[in-house]
Amino acid sequence: MPGRDAGLAVERTRLAWRRTVLAAGVVAVLTVRLALSGGTVGALVAALAGLGWLGVLLATLPRLAGRRNRSGRALAVTALVTAGFAGLGLLLLLAPVR
């Protein structure tokens, strides 16, 4: 197709991954904020949320830098961290409030 610009798709993908990292960061910060009042369990949950965000960031760095990475690692890590955030949220909801 002569009217198609492949560069725009790459830019949209890069912006989508940036939004994903930002959203994971916001969830991690909110989880840490909620967990800090939970004592030792809260500290563990806060550490896991921070590690989850760091995992998403490190897995998506090649995409954020504009390099193509077809391994699917970023998507797999992001999916696992999202499921982990859901589990941590459930743990925070079910934990007794002090």
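The values are calculated or read from the model by the stated rules, or taken from the named source; none is laboratory data. Because the structure is predicted, anything quoted here is derived from the model rather than measured. Virtual Cβ from ideal backbone geometry, glycine too; neighbours counted across all protein chains shown. We work out accessible area using only protein heavy atoms, side chains counted, and drop any ligands, DNA or RNA first. Shrake-Rupley method; radii C 1.70, N 1.55, O 1.52, S 1.80 Å.
Structural descriptor for region 10-67: relative contact order 43 percent, calculated from alpha carbon pairs under 8 angstrom and at least 6 residues apart. Using 16 Å as the cut-off for backbone N distance, which residues of region 74-90 belong to the label zone defined by a point 7 Å from the Cα of Leu58 along Cα→Cβ? Residues 74-82 qualify, since their backbone N sits under 16 Å from the label point. Compute the accessible area per residue over region 10-98, keeping the other protein chains in place, probe 1.4 Å, unit Å². I get 67 Å² per residue for region 10-98. What a 1.4 Å probe finds exposed on the chain is 70% carbon and sulfur by accessible area, rounded to a whole percent. Once you have a ≥ b ≥ c as the square roots of the Cα gyration tensor eigenvalues for the chain, tell me rounded if a/c is under 1.5, and otherwise prolate or oblate according to whether a/b is larger than b/c. The shape class here is prolate. Among 8-15, 28-35, 83-90, sorting by the average number of other beta carbon atoms lying within 10 angstrom of each residue, highest first, gives 28-35, 83-90, 8-15.
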